[in-house]
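Asker: Pasting a structure here, questions to come.
Bear in mind these aren't lab numbers, they're just calculated from the coordinates by the rules spelled out. Source: prediction; values computed, not measured. Positions of Cβ are generated from backbone atoms using ideal geometry, with glycine treated the same way; all protein chains shown enter the neighbour counts.
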Amino acid sequence: MMEMPSLDPEGRNYICCPHCTIQIPDDVPECPNCRQPVTTGGTFAKTKDIRSLLVPPKRFPRLRKFTLDHGKWVKIVAPALLGLLALWLTIGFLTRVRIIVPSDNTFLIEAERERKDGGRVFLKGNLLNRGEDIPDLSLRSIGVIAEFLYGDGRTVRKRVFPKNPFRGEGALFRGESGAFEIEVPKGVKSVTLRSEIVNLGEDRVFVPSTRGIRRLPSRRNR
């Protein structure tokens, strides 16, 4: 095992080796312990002081004069403006309407917010049919259910039907998509969008063909 160099306090200066961090004489070309070369003369490059770069140079007299005259006000106004900006961003993030779309293997819904004149918020989206064909002139239709959640906990539901440029509302073949638009009432915190197949004939009453048409009683002649 190599012996560690002994310190000679008389007439020699010692520095720390940059590789093994032991103290070595400042006039040796390499470290006696790790055999790594040391900077010529045992001296290391001094860290450059960049504080002088932070001071406006003399070749910019207007900037130096502005710093001396208005630097105090800039230090006061700048943090206030940054605080207002952060507050505005926080309020906008907390008050914006959140869109929730549960996963569905049959229908794919994509929607985004759009703010129009007057502060009204609309949800514009598309629904892609990945299931069976829903043709026109049938008793079934594809609907989008929007559930609005208000700040006081109330929930309100609204149904819209996506429309394809080549078909009627709610009629989509497999692989086709339809667009829809929903206006978001004020005070709503989040909107949950779900899709379903609506039976349009569930509330209708049909007259059986065997019963015929019932005639009104004829009026008697006076």
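Asker: 5 Å is the cut-off here: which amide hydrogens, built 1.01 Å from N in the peptide plane, fall below it relative to VAL198, excluding neighbours closer than 5 in sequence?
Answerer: When sequence neighbours closer than 5 places are left aside, the close amide H contacts are SER141, ILE142, GLY143.
Asker: If you place +1 on the Cβ of every Lys and Arg and -1 on the Cβ of every Asp and Glu, how big does the dipole about the Cα centre of region 98-199 come out, in debye to the nearest 20?
Answerer: Charge dipole of region 98-199: 400 debye, to the nearest 20.
Asker: DSSP loop trypsin sites (Lys or Arg not before Pro) in region 127-158 with at most 15 other Cβ atoms within 10 Å of their Cβ, which ones?
Answerer: Here the sparse-neighbourhood loop sites are ARG130, ARG154.
Asker: Follow-up. What GluC sites (Glu not before Pro) in region 94-150 are in a loop by DSSP, with at most 16 other Cβ atoms within 10 Å of the Cβ?
Answerer: GLU132
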